[in-house]
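What follows is a set of notes on a single structure, which appears directly below.
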Amino acid sequence: MNIDRKLLEHVAEVARIKLSEEEIKKFLPQLEEALEFFSKLKEVNTDDVKPSFQPVELKNAMREDKEKKCISQDDALSLTEHKKDGYFKGPRAV
Amino acid sequence: MQCSEFVEKVKNNEIDIVEHTHKVIEECKKINKDYNYFNVVSEELALVQANKLKKLINGKKADNKKLLGVPVSVKDNICVKGVESTAGSRILKGYKPLFNATAVENAINQGAIVIGKTSQDEFGFGGFSVNAGLGFKIPKNPFDKERSCGGSSGGAGGLAQKATFPHIALGESTGGSIACPANFCGVFGLTPTYGIVSRYGLIDYGNSLDKIGTLGKSSNDAGLLQEVISGYDEKDSTSLNVENERYTEYLGGSVEGLKVGIIKEAFGKGNEKAVENQVYKGIETLKEKGVKAEEISLEMPIKYGLATYYMIATSEASTNLAKYCGMRYGAAEKLRGSFNEYFTKVRSKNFGDEAKRRVILGTFARMAGHRDAFYIKAAKVRTKIINEYKKAFKQFDALISPTVPILPPKFSEIEKLTPLQNYMIDSILVGPNIAGLPHLSVPIGYDQNLPVGMLLTGDHLQEKKLLQLGNLFETTKFHSS
């Protein structure tokens with residue numbers, strides 16, 4: 001599996017991570033080695049095999065659609081300095 | 001002293017729980033100076049709990065509590081109300097949860113005293129606990145400070161061995177993170193069936209893989225905490241609605257007639273001879289007790305487990321870690337720039353190297369153009385791995401292998417490994433984790449004064465058989481000073 005600098009920077013950007021020059025140099029061969037190894041899954045014949053997204057079979061787990069007590073607005077806001085008028089405050093959107 | 005004996009003494013007022021807890025906290029601080037097993041020692045909480053319990057004991061209202069006064073440590077990725085819980089990551093620095101994880105809540109309801117949050121690889125990303133987050137310390141092996149505790153529940157494993165007081169650790173495994181440190185620290189490590197312990201309040205790594213379990217000096221201790229924390233929880237949609245087992249009741253029972261399969265592919269190439277010798281001795285011990293042992297081939301999990309695991313785990317991790325962006329809780333920066341600029345700044349500054357690598361690997365594996373070849377392919381191979389195990393359990397009560405192929409390595413040796421070589425430490429352990437199967441690492445012996453573990457893997461919900469078999473090795477010497 002070839003992963004070049006351009007692809008690495010693109011994937012990192014999608015993941016909202018900015019890599020330093022040093023990190024790019026370090027990660028490129030490491031990720032290439034790992035992906036090369038993971039590519040051996042190609043050897044396995046999986047025709048007509050369904051994917052498993054859970055290790056044990058789970059039926060639809062539903063709960064009753066009822067209002068329940070949850071954490072208060074004050075408590076929810078207590079863990080950040082970025083808040084205003086009872087809301088979380090984020091960076092500017094536009 | 002086993003924790004169940006300790007509980008009886010507390011009930012009978014032979015031990016003053018407040019005084020005892022004071023001593024425990026002092027010892028924790030002392031151990032921590034040398035070994036780095038805690039990210040936080042929760043002194044205040046522990047003493048509040050001890051005083052509360054003392055009142056209950058005096059009023060004769062505590063007789064039904066299974067963990068009365070037992071010091072329990074909690075891996076840092078499991079939320080404890082009001083106690084900083086970071087999963088070993090700088091991006092969660094300062095985060096004090098507003099609630100207890102269900103596992104913690106269940107333990108406290110049964111009288112457990114929470115003594116602190118144990119150190120780990122950042123978000124569980126590692127097998128040696130050397131990938132601690134930025135600013136966090138690396139736990140040292142209780143037998144040799146120059147060696148690793150294993151990971152990712154390294155602090156839990158180290159403390160389980162080193163503590164001279166009765167203690168059980170709450171750990172968590174995604175791909176081997178309980179068994180590996182249990183092995184390297186010479187204690188019992190029980191990873192239960194996926195879904196029997198609620199993941200509510202667990203800081204996610206891979207949702208379809210994460211399991212909260214226990215580490216302790218005996219199968220009795222590990223089993224005791226496990227039966228307390230297990231149970232259906234509507235707050236976790238993957239929680240299994242099955243009856244709770246009382247694991248400790250199975251201990252000491254006859255194992256005659258049980259049949260174990262020795263996993264052929266887990267022996268030979270790549271294993272240290274010292275490890276294999278101890279495991280073979282362990283198998284002989286089982287045979288002497290009337291257990292039947294036969295070889296079985298399990299090619300799929302051993303040969304393709306690692307690649308399958310890393311594709312699924314990193315994919316899930318990359319979505320789980322998307323929520324850490326410097327808003328609502330955890331690390332934050334001045335609000336400057338656009339949303340994307342702000343998120344990128346916080347994430348780039350506060351994630352460690354391995355977190356960045358795994359987020360990048362997982363994002364790649366899920367991207368259009370690669371998704372079918374990597375993520376979906378791995379999910380299909382996962383089905384084949386699960387089926388191979390299920391077939392084996394038609395024939396066997398448990399499967400046997402070394403827990404890890406080597407003795408605890410030195411930090412200087414680990415430094416030389418590439419990330420992929422690091423991943424190899426879990427080559428045997430990823431199989432049961434992918435398939436959500438319970439597994440128990442049993443301390444079976446020592447070589448060069450370093451511990452060796454044997455892995456027992458069972459079918460879904462067959463924890464009791466593993467503990468019953470593991471209990472035969474209870475006489476293993478402990479190295480607590």
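Read-outs throughout are calculated quantities, based only on the coordinates presented, and are distinct from any laboratory measurement. If you're wondering where the values come from, they're calculated on a predicted model, not measured in any experiment. We place every Cβ from the backbone using ideal geometry, glycine too, and count neighbours over all the protein chains shown.
Here are a few things to note about the model shown:
- Amide hydrogen proximity for B:GLY213: with H placed 1.01 Å from N in the peptide plane, the residues at 5 or more positions away or on another chain lying under 5 Å are B:GLY171, B:GLU172, B:SER173.
- Spin-label proximity, B:LEU98 to the range B:313-331 - amide N less than 12 Å from point 7 Å beyond Cα toward beta carbon: B:328-329
- Residue by residue along A:44-51, Cβ atoms of other protein chains within 10 Å of the local Cβ number 6 on average.
- Cβ-based charge dipole, the protein assembly as shown, positive-most Cα from B:TYR342, B:ILE434, B:VAL80: B:TYR342
- Note on chain B: with charges restricted to the Cβ of Lys and Arg (+1) and Asp and Glu (-1), its dipole about the Cα centre is near 1140 debye.
- Cross-link partners of B:LYS380 among lysines (Cα-Cα below 25 Å; sequence separation of 8 or more within a chain): A:LYS40, A:LYS42, A:LYS50, A:LYS59, B:LYS211, B:LYS264, B:LYS303, B:LYS390, B:LYS391, B:LYS394
- In the protein assembly as shown, a dipole from Cβ-located charges (positive for Lys and Arg, negative for Asp and Glu) runs towards its positive end, and of A:LEU79, B:GLN395, B:HIS460 it is A:LEU79 whose Cα lies farthest in that direction.
- Note on B:LYS23: aspartates and glutamates with a C-alpha under 15 Å away, same-chain residues under 8 apart excluded, are B:GLU43, B:GLU44.
- Fewest neighbouring Cβ atoms within 10 Å first, the residues B:PHE99, A:PHE38 line up as B:PHE99, A:PHE38.
- The dipole here belongs to the protein assembly as shown: it is taken about the Cα centre, uses +1 on the Cβ of Lys and Arg and -1 on the Cβ of Asp and Glu, and is about 1140 debye.
- Residues whose amide H lies under 5 Å from that of B:VAL70, counting only those 5 or more places away or on a different chain, are B:ILE113; hydrogens are built 1.01 Å from N in the peptide plane.
- Overall form of the range B:129-196 per C-alpha gyration tensor (a/c, 1.5; a/b vs b/c): oblate
- Each Lys and Arg adds +1 at its Cβ and each Asp and Glu adds -1 at its Cβ; summed about the Cα centre, chain A shows a dipole of about 420 debye.
- With neighbour counts taken as other beta-carbon atoms within 10 Å, the residues B:THR102, B:THR238, B:THR403 rank, fewest first, as B:THR238, B:THR102, B:THR403.
- Our coupling estimate for the range B:146-153, obtained by passing each phi through the Karplus curve with A = 6.51, B = -1.76, C = 1.60 and θ = phi - 60°, is 8, 10, 7, 7, x, x, 8, 7 Hz, Gly and Pro reported as x.
- Within the range B:351-449, GluC sites (Glu not before Pro) in DSSP loop having at most 10 other beta-carbon neighbours inside 10 Å: B:GLU415
- Long-range HN-HN contacts of B:LEU258 with modeled amide H, under 5 Å: B:LYS292
- Restricting the range B:202-247 to trypsin sites (Lys or Arg not before Pro) that sit in a DSSP loop and have at most 16 other Cβ atoms within 10 Å of their own Cβ leaves B:LYS235, B:ARG246.
- Modelled label reach - B:THR285, point 7 Å along Cα→Cβ, the range B:446-468 residues with backbone N closer than 11 Å: B:446, B:452-454
- Rounded if a/c under 1.5, otherwise prolate or oblate - chain A, Cα gyration tensor axes: oblate
- Of A:LYS84/B:LYS349; B:LYS140/B:LYS287; A:LYS26/B:LYS30, pairs whose Cα-Cα distance is over 28 Å: B:LYS140/B:LYS287; A:LYS26/B:LYS30
- A simple rule links phi to the HN-Hα coupling: the Karplus curve 6.51 cos²θ - 1.76 cosθ + 1.60 with θ = phi - 60°, which for the range B:253-263 gives x, 5, 10, 4, x, 5, 10, 10, x, 8, 6 Hz, with x for Gly and Pro.
- One decimal place: the segment B:LYS9-B:ALA274 gains 91.4 nm when fully extended, by the rule 0.36 nm per residue minus the C-alpha distance.
- Near-label residues of the range B:51-65 by backbone N, under 17 Å of a point 7 Å along Cα→Cβ of B:ARG246: B:63-65
- Estimated inter-spin distance, B:ASP63 and B:ASN449, nm [label 7 Å along Cα→Cβ]: 4.8
- For B:ASP459, B:ASP372, B:ASP210, order by how many other beta-carbon atoms lie within 10 Å, fewest first: B:ASP372, B:ASP459, B:ASP210
- Restricting the range B:1-72 to GluC sites (Glu not before Pro) that sit in a DSSP loop and have at most 15 other Cβ atoms within 10 Å of their own Cβ leaves B:GLU14.
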